[in-house]
Amino acid sequence: MQKATGKIVRVPLYFLSFVVIILLFAFLTFKLLSFSRTVDVPDVSGKSLIEANEILSKKGLNLKIDGEDYNADVPAGHIIRQDLPFANKVKEQRSVRVVVSKGPGAQSVPSVTGETLSKAEAIFLQNGLKVSKIIRVHSNSVEKDVVIAQKPAGGENLADKITLIVSSGQYETVYYAPDFQGMKKEEAVQLAEKLGLKANAAGSGEIIKSQKPKPGTQVKAGDAVYMQTEEE
């Protein structure tokens, strides 16, 4: 009876041991299969994106574009540099980040004279250039924020520093508002316009009865003067 009981007890223990061995074997197999092998990083500098992708794929690596830049030595669409140095050892499935060439950019300085400052800066940016200095001057003939001149001039060879001279508009001319009261409407409007003021005369009369701002108040060119007329 005891021998029979011993056999009954041993059978589950054998089975349990067998299960444990199987699970351990499966775990070790999974670890071995999932462990990424190490590969050498290839040199893809100067390669086109298609060539670089093929080379990296064969090594089990991924291509990732990290940005673009102008470069006179590397054709557009080809790789300027990579983040992982050539021959470094890395695990498979690692991404290699690259910077792609946009070509040589502008060969001479674009002409932006007469353009607004914002448009001029956009033109330079499109050509891989940047304005290094902006000088603002008042001008009676060029509107505010428009480029008056540039150095180097448009069409000249590229330089490290590009300077733009930009209009700040007309100087603010300050006056003391004349006394328009008692003047004929036509004469008052003409005087206001000579001073660069915007005359707004209301009423059906011909003589200025009142005005705003009041006589003697400081005004500047471009300000509005409101006048009210009365019958003579």
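The values are calculated or read from the model by the stated rules, or taken from the named source; none is laboratory data. Keep in mind that what you see is a predicted model, and the values were worked out from it rather than measured. Using ideal geometry, Cβ is built from the backbone for each residue, glycine included, and neighbour counts are taken over all protein chains shown.
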> Looking at region 106-128, which of its residues are polar (S, T, N, Q) and either under 15 Å from residue 144 (Cα atoms) or in the same structural domain as residue 151 (by TED's automatic domain parsing) (or both)?
Replying inline: 113, 116, 118, 126, 127
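Among the listed residues 115, 121, identify the single one that is under 22 Å from residue 101 (Cα atoms) and free of Cβ contacts under 8 Å to residues at least 60 places away in the same chain.
121
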> Limited to region 169-199, what total is found for residues that are exposed (fewer than 14 other Cβ atoms within 10 Å of the Cβ) and either farther than 22 Å from residue 138 by Cβ or of a type in the set (Ser, Thr, Tyr) (or both)?
Replying inline: 8
> Would you pick out the residues in region 120-134 that are exposed (fewer than 12 other Cβ atoms within 10 Å of the Cβ) and within 26 Å of residue 170 (Cβ to Cβ)?
Replying inline: 133
>> Residue under question is residue 153, and the condition is that it be out of contact with any Pro (no Cβ under 7 Å at 6 or more places or on another chain) and loosely packed, with under 12 Cβ neighbours inside 10 Å; does it hold?
In response: yes
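For (1) more than 21 Å from the chain's Cα centre (by Cα); (2) of a type outside the set (S, T, N, Q); (3) loosely packed, with under 15 Cβ neighbours inside 10 Å, each residue gets a yes or a no:
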| site | (1), (2), (3) |
| --- | --- |
| 55 | yes, yes, no |
| 67 | no, yes, yes |
| 72 | yes, yes, yes |
| 83 | yes, yes, yes |
| 98 | no, yes, no |
| 114 | yes, yes, yes |
